[in-house]
Amino acid sequence: MQENITGASISVILPAYNEEVVIASTVATVLETLATWSLDFEVIVVNDGSQDATSAILESIAATHPRLKVLHHVVNQGYGAALMSGFKASTKDLIFFMDADGQFDIRDLEPFLPLLQEYDAVLGYRIKRQDHWMRKLNAWSWKVLVRMVFGVSVRDIDCAFKLYPGKFLRELRLETRGAMINTEILSKFKRAGLTYTQLGVRHLPRKGGQATGAKPAVIHVSDEQLSDLRTRLKLTRWPLGVGNDDWYYGVGRTYLEELVDYWLGAYDWRKAEAMINRYEHYQVNVDGVPVHFMRKPGVGPNPIPLILTHGWPWTFWHWSKVIDPLADPGAFGSDPAEAFEVIIPSLPGFGFSTPLPNHPDMNFWKVADLWHTLMTGILGYEKYAAGGCDVGALVTGQLGHKYANELYAIHIGSAQKLSLFNGDRAWDLSGGHPIPEGVPEHIQARIISLDRRFAAHLAVHVLDSSTLAYGLSDSPVGMLAWILERWANWSDNNGHVEHVVSKDDLLTHAMIFWVNNAIETSMRMYANANRYPWAPVHARWPVVEAPTGITFVGYENPPGVSTENRVQHFLSSDRAAWYNHVNITVHDRGGHFIPWEIPDGWIDDVRRTFRHHR
């Protein structure tokens, strides 16, 4: 309890989300009321990603009130995250928090203060709750559950009108970023042997604003863009395509025409757009780079943030089969304790992280720096998890190399050296060496098969991507063919790409490239990995110090290596020493697009990696 309340100081924290209607009057009332009390005070408003004028209003007020601090979350992180930011920024003896939406009156705090001579905290409860009956019923059910599970008995656990000792909240390690933060605080408060009492406060009808946790949908393609696309598809001038039914010379015309006819006559982008917009989407600026990301909050007692990075010709939507089970495992029959808060960005220059006019040198190790700033500086996570495949595995590996102490662990869909694209012949898997004499015929055939699978892709992307981009940026059919070839040859599809990905899904991924004119900047990621080569930031081994999980798939087994001995082959290679590997799994089936082709396998592997690293 406080020994001398008269000389105490207080931090008042107000979380705010889209409160332009009431924020000025709420803040003015708080400042004016506190000024009449004999307390040293500060007011901290946490603008939790407001999409309206809340930010501008707060900055205007702060310019003339030195006791007002304004903190900004670039995107809405939730009520708990807003409170945590406020706690961290506070400096006074006491911390009081209430909502900024006009549903409480700061003047009701006055009778709380004398009670601190007997108790360590004072918790408000709403005398006459101004909510819909359904919210009242949910609150009553939650109160009963909290009493049963946590042994905490209060009249109104979620009432946003509470007074605590400041030192306790600043030193408390909190995990909950949503509305359950009140339950977590109080259960830990009680376990610490501290005391509290309860006092009724008035609850007023909401005057404006929104409860935190809204999900702004930002993915929309204009009708003009769609009309232009249809015109271009109809005006396609087709090559002859003769003698290529077996795809020996590349993508065959027969199937490509079938796919384009479907694009024109049956494919529905608006339907795909609606599916994409089931998730939260944000556009942020990270060190001058436009970054789009998709987010799904975790559902469980302690979700940890997980950033997933795609590759090429992937898009952020390649993770759509795994995002829900990773974020809400309980809904899929798995353990809610293994939930993640999933963040899925589009690589810079890909998808909706466009245009990229001022960063023509973007590559994987530069992306890792951007991702770390996104996760820690913008989203405010102190520690996070990371995963990725293809180029995304290199991004994730660089995170594990440079920022290991701020990661729980990483999980990747391959385990290449981060120096993969260094050197004079980064575009040549063989390094310019011929196949040695005496190699068994079946192994020689496998070497040639793998070379044919990747040779044109690497050579053009590393050496000549901008030349190709003139054609692909102008022709949607040309762009589709270039992407389709990778899907068809890199996936484990038993002879037909639609065994792995449907026409609708193929076209959705193609659309994400096309409508953002992303093909040039996306392809350049390879050339820049070679032109601006990776260099280590420390000389320690393993190079990637973060605990690392690895998923291998049978379709990408090296020549002469079976699925059964794939793990041992890796462990005996010089690549193994690069990683602090803690979990290595190999699957019989699955190709290059692992989370799309074998989502259940990927999910299980990720959970296994993080089970002891959370």
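Based on this model, can you work out whether Ala415 counts as touching an Asp or Glu at 6+ places or on another chain (Cβ under 7 Å) and closer than 30 Å to Lys383 by Cβ?
Answer is no for this residue.
Taking helices (runs of 4 or more DSSP H) that fall entirely within the stretch 46-125, which contain at least 3 residues that are within 25 Å of Glu382 (Cβ to Cβ)?
The qualifying helices (runs of 4 or more DSSP H) are 79-89.
Anything in the stretch 395-424 that is surrounded by 14 or more Cβ atoms within 10 Å (Cβ to Cβ) and among the charged types (D, E, K, R)? List them, or say none.
Result: Lys402, Glu406, Lys417.
Where in the stretch 496-598 are the helices (runs of 4 or more DSSP H), entirely inside, with at least 3 residues that are small (Gly, Ala, Ser) and within 19 Å of His310 (Cβ to Cβ)? Spell out how you get there, then give the answer.
Values: elements: 503-514, 519-531, 566-571, 594-597.
Passing ranges, in order: 519-531.
Any idea which of Val501, Val543 is open to solvent by less than 30 Å² (accessible area, probe 1.4 Å), farther than 23 Å from Leu229 by Cβ and hydrophobic (A, V, I, L, M, F, W, C)?
Val543 is the lone residue from the list that is open to solvent by less than 30 Å² (accessible area, probe 1.4 Å), farther than 23 Å from Leu229 by Cβ and hydrophobic (A, V, I, L, M, F, W, C).
Out of everything in the stretch 320-348 that is closer than 14 Å to Glu280 by Cα and hydrophobic (A, V, I, L, M, F, W, C), what residue ends up being surrounded by the fewest Cβ atoms within 10 Å (Cβ to Cβ)?
Among residues in the stretch 320-348 that are closer than 14 Å to Glu280 by Cα and hydrophobic (A, V, I, L, M, F, W, C), the one surrounded by the fewest Cβ atoms within 10 Å (Cβ to Cβ) is Ala327.
Just to be sure, is Glu564 open to solvent by 60 Å² or more (accessible area, probe 1.4 Å) and among the acidic types (Asp, Glu)?
yes
For the list (1) of a type outside the set (S, T, N, Q); (2) closer than 25 Å to Pro599 by Cα; (3) assigned to a helix (DSSP H, G or I), I need the number of the one condition that Ile447 fails.
(2)
Would you check if there is a residue in the stretch 124-143 being touching a Lys or Arg at 6+ places or on another chain (Cβ under 7 Å), buried (at least 17 other Cβ atoms within 10 Å of the Cβ) and at pLDDT 50 or above?
There is at least one residue in the stretch 124-143 that is touching a Lys or Arg at 6+ places or on another chain (Cβ under 7 Å), buried (at least 17 other Cβ atoms within 10 Å of the Cβ) and at pLDDT 50 or above.
May I ask you to verify whether Leu116 is open to solvent by less than 50 Å² (accessible area, probe 1.4 Å), touching a residue at least 40 places away in the same chain (Cβ under 8 Å) and under 21 Å from Ile185 (Cα atoms)?
When the stated conditions are applied, Leu116 passes them.
Mind checking which residues of the stretch 425-454 are touching a residue at least 24 places away in the same chain (Cβ under 8 Å) and either open to solvent by less than 40 Å² (accessible area, probe 1.4 Å) or under 27 Å from Ala577 (Cα atoms) (or both)?
Those that are touching a residue at least 24 places away in the same chain (Cβ under 8 Å) and either open to solvent by less than 40 Å² (accessible area, probe 1.4 Å) or under 27 Å from Ala577 (Cα atoms) (or both): Ala426, Trp427, Asp428, Leu429, Ile443, Arg446, Ile447, Leu450, Arg453, Phe454.
Identify, by number, the condition in (1) open to solvent by 10 Å² or more (accessible area, probe 1.4 Å); (2) touching a residue at least 60 places away in the same chain (Cβ under 8 Å) that Tyr384 doesn't meet.
Unmet for Tyr384, out of (1) open to solvent by 10 Å² or more (accessible area, probe 1.4 Å); (2) touching a residue at least 60 places away in the same chain (Cβ under 8 Å): (1).
Can you name the residue in the stretch 259-304 that is closer than 28 Å to Phe610 by Cα and basic (Lys, Arg) and is also most open to solvent (accessible area, probe 1.4 Å) among such residues?
Among those residues, the one meeting the criterion is Arg278.
Under 8 Å between Cβ atoms, which residue pairs at least 6 apart in sequence (or on different chains) link something in the stretch 495-519 that is of a type in the set (Phe, Trp, Tyr) with a partner that is part of a loop (DSSP other than H, G, I, E, B) and at pLDDT 95 or above?
Close Cβ pairs satisfying both conditions: Phe513/Pro313; Phe513/Thr315; Phe513/Phe350; Phe513/Gly351.
Is it true that Val586 is β-branched (Val, Ile, Thr) and either in contact (Cβ under 8 Å) with a residue 40 or more places away in the chain or at positive phi (or both)? If you could, list the steps in order and put the result at the bottom.
Numbers: β-branched (Val, Ile, Thr): yes; either in contact (Cβ under 8 Å) with a residue 40 or more places away in the chain or at positive phi (or both): no.
No, not satisfied.
Checking the structure you have, find out if any residue of the stretch 205-221 is open to solvent by less than 30 Å² (accessible area, probe 1.4 Å) and at pLDDT 95 or above.
Among the residues of the stretch 205-221, not one is open to solvent by less than 30 Å² (accessible area, probe 1.4 Å) and at pLDDT 95 or above, which makes the answer no.
Just give me the residues in the stretch 12-56 being surrounded by 24 or more Cβ atoms within 10 Å (Cβ to Cβ) and touching a Lys or Arg at 6+ places or on another chain (Cβ under 6 Å), in sequence order.
Ile44
Quick check: is even one residue across the stretch 48-69 modelled with pLDDT of 95 or more and of a type in the set (Val, Ile, Thr)?
no
List, please: which pairs have Cβ atoms under 7 Å, are six or more places apart or on different chains, and start with a residue in the stretch 206-232 that is over 30 Å from Asp101 (Cα atoms) and in a loop (DSSP other than H, G, I, E, B) and end with one that is modelled with pLDDT of 95 or more and open to solvent by less than 40 Å² (accessible area, probe 1.4 Å)?
Sorted first by the residue in the stretch 206-232, then by its partner, the pairs are Val221/Trp269; Val221/Val515.
The values are calculated or read from the model by the stated rules, or taken from the named source; none is laboratory data. The model shown is predicted, which means the values in this text are computed figures rather than measured ones. Reconstructed Cβ throughout: ideal geometry from the backbone, glycine too, with neighbour counts over all protein chains shown. Just the protein is used for accessible areas: all its heavy atoms, side chains included, with ligands, DNA and RNA removed. Shrake-Rupley method; radii C 1.70, N 1.55, O 1.52, S 1.80 Å.
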